[in-house]
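Engineer: I'd like to ask you about the structure that follows.
We did not get these values from a lab; they are worked out from the coordinates using the rules stated. Everything quoted here is computed from the prediction, not taken from an experiment. So basically every Cβ, Gly included, is an ideal-geometry build from the backbone, and we count neighbours across all protein chains shown.
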Amino acid sequence: MATGIRTRFAPSPTGPLHMGNARTALFNYLFSRKEGGVFLLRIEDTDKERSEKRWEEDLLENLTWLGLAWDEGPFRQSERVDIYKEALQTLFQKGKAYYCFCTEDELEALRQDQISRGETPKYSGKCRALKAEEAEQRQKNGEPSVIRFALEPRKVKFHDLIRGNIEFDTGLMGDIVVAKDWETPLYNFSATVDDAAMDITHVIRGEDHISNTPKQILLQEALGLKRPLYAHLPLILGEDRTKLSKRHGDFSIAHFRKQGYLAEAIINFLALLGWNPGTEKEIFSLSSLIKEFSLERVQKGGAMLQLRKLEWINAFFIRQMSLQKLSELSIPYLKEAGLVADASLKTVEPMVRLYQERIKKLFEVPELLDFFFKKPEYSADLLVWKDVSKKDISKALQELATVLQSIEEKDWNKEIIETIVMPHAERQGSRGVWLWPMRVALTGKEASAGPFEVATVLGKKETLERVASARKKLR
RNA sequence: GGCCUCAUCGUCUAGCCUGGUCUAGGACACCAGAUUCUCAUUCUGGGAACUCGGGUUCAAAUCCCGAUGAGGCCGCCA
């Protein structure tokens, strides 16, 4: 903690953790770890209508699954109302806050009017002119109101660690609502107060917050709070190059997890979306990312998600994984698909081994391995290799059965089966005449692992049975 | 509409700050070939980009200006 750097991930529990969120969390995590700082989690649940406990749970669970461990928190803004109340008082004392009694209809009418005149919609500041005592009285009388912050109209400059200097004219913005009432602070206000209260040194968040920054800076100045450093990350875009949202489909981490994407792969993929090491290295573990990460190498332009690449990275990690680990991960998917009630590593490992280089995501495991657990279903036509006649295929299978039968149980392994069967297959002009129907007889599939490996796993008895039933199909 | 941000292959990007070594590099995807009973893996090869226009300079993807395009924000959401 030598550097005293503190970052935070501050999602609102109004939806699941998704690719965009997760990357913001990842960059905050990487930066704080790299600098030996603290990474904290804050749940921004000030919106009572939209916040849901299940989304908070989703956030925590999937963040943990990804391996993004936070050092402090989770803090919930809903549990920190007193802190905001106090800040609100300060604002009132300094004459920077006032009650606004304008109705939503009134404001909407004003907005429409401004838009139709080609002006920037902004609050007129009408209630700012109200006498404090009068406003207080109306408020006490129960007249509906909100609390606004009197924005100082001036140029606000700040330095963004990714984009350089940015300047806004706050005269172009209306007074913002900082709280619906004393118990209900709004985002710009609660986030500003909390970032200071939690000693956040680096605010690393999405680019969509750039225009909130000047408002927050003005709030900091009014409250006498320290200004953190800012780094605005480029947005993650959908296929239409707009900000990722529900209509782009399900990009929740939970969804990808269910599909059988590995946490390592998602982390690796997300890291490369908007950041690169400056070398040609593309495969990273979380710990290697911590070593190499730097905000200076973060991109400025938004990046479209490329699911193909995620799949490739996922398949890569699957190929790198130990057989045992991959088997362990596969078992739940086999159970889920109803192929096995219970499976031991010992039975599953030999099967998984044959498919390790073919699995792109764990979700595919059942459809790839199903024939190991049940008799294959396929049409007789599938047994036919190229334009060989069914009669010849049947003959090949008959001879194959005889040859296989001759192999002793104790010699039933890939090498021996291959050395014995291959010479026969070679004599056919094309090996396919024997190998194709053999493989189809055993797997029922157009594409699968090799016939000798599969036969080995199935065992002699089962192999012969499947070859026999293939011959029956041809009759 | 206003403000802000961004701009290299289809996509993610290197290079840009510190102009020449860039006939612009890598990866994914795609195409072709090798291996092969199939699929996958692996290997080899291929096509594919500096948004446009000015300027500065001996020299610009790189610096400056403008245009265009794209995105974000303009909530009693975050």
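Engineer: Take the residues in segment A:204-237 that are among the β-branched types (Val, Ile, Thr) and within 13 Å of RNA strand B (Cβ to nearest atom), then tell me which one is farthest from residue A:248 (Cα to Cα).
Structural biologist: Going through the qualifying residues, I end up with A:213.
Engineer: So, in segment A:28-77, of the ones that are within 12 Å of RNA strand B (Cβ to nearest atom) and among the hydrophobic types (A, V, I, L, M, F, W, C), which residue ends up surrounded by the fewest Cβ atoms within 10 Å (Cβ to Cβ)?
Structural biologist: Taking the candidates together, the pick is A:55.
Engineer: Would you check if there is a residue in segment A:121-138 being touching a Ser or Thr at 6+ places or on another chain (Cβ under 7 Å) and within 30 Å of residue A:228 (Cα to Cα)?
Structural biologist: no
Engineer: Being within 11 Å of RNA strand B (Cβ to nearest atom), under 23 Å from residue A:36 (Cβ atoms) and part of a helix (DSSP H, G or I) is the filter here, so list the residues in segment A:269-293 that pass it.
Structural biologist: Across segment A:269-293, the qualifying residues are A:270, A:271.
Engineer: Same structure again: Testing residue A:285 on (1) surrounded by 18 or more Cβ atoms within 10 Å (Cβ to Cβ); (2) in contact with a helix residue (DSSP H, G or I) (Cβ under 7 Å, 6 or more places away or on another chain), one condition comes back false. Which one is that?
Structural biologist: Every condition holds for residue A:285 apart from (1).
Engineer: Right, next: Select from segment A:369-390 the residues that are assigned to a helix (DSSP H, G or I), in contact (Cβ under 8 Å) with a residue 40 or more places away in the chain and not aromatic (Phe, Trp, Tyr) and list them in ascending order.
Structural biologist: The answer is A:380, A:382, A:383, A:390.
Engineer: What number of residues within segment A:183-203 are surrounded by fewer than 21 Cβ atoms within 10 Å (Cβ to Cβ), polar (S, T, N, Q) and within 15 Å of RNA strand B (Cβ to nearest atom)?
Structural biologist: 2
Engineer: Among the numbered criteria (1) under 37 Å from the mean Cα position of the chain (by Cα); (2) surrounded by 13 or more Cβ atoms within 10 Å (Cβ to Cβ), which single criterion is violated by residue A:338?
Structural biologist: Failed condition: (2).
Engineer: If I ask for residues that are more than 8 Å from RNA strand B (Cβ to nearest atom) and in a helix (DSSP H, G or I), which ones from segment A:137-172 would you list?
Structural biologist: Listed by number, the residues that qualify are A:137, A:138, A:139, A:140, A:170, A:171.
Engineer: While we're looking at this one, here's another question. Does any residue in segment A:144-168 that is within 12 Å of residue A:217 (Cα to Cα) and touching a residue at least 12 places away in the same chain (Cβ under 8 Å) come within less than 8 Å, Cβ to Cβ, of a residue that is of a type in the set (Ser, Thr, Tyr) and surrounded by fewer than 16 Cβ atoms within 10 Å (Cβ to Cβ) six or more places away or on a different chain, and which pairs are these?
Structural biologist: Hits for this filter: A:168/A:211.
Engineer: Moving on. Tell me, which residue of segment A:188-219 that is among the hydrophobic types (A, V, I, L, M, F, W, C) and within 26 Å of the chain's Cα centre (by Cα) is farthest from residue A:168 (Cα to Cα)?
Structural biologist: A:200
Engineer: For segment A:115-126, give me the residue count where each residue is more than 8 Å from RNA strand B (Cβ to nearest atom), surrounded by 11 or more Cβ atoms within 10 Å (Cβ to Cβ) and either of a type in the set (Asp, Glu) or outside any loop (DSSP other than H, G, I, E, B) (or both).
Structural biologist: Total meeting the criteria: 1.
Engineer: Right, another one. Since residue A:241 meets every condition but one in (1) more than 9 Å from RNA strand B (Cβ to nearest atom); (2) in a loop (DSSP other than H, G, I, E, B), which condition does it not meet?
Structural biologist: For residue A:241, the failing item is (1).
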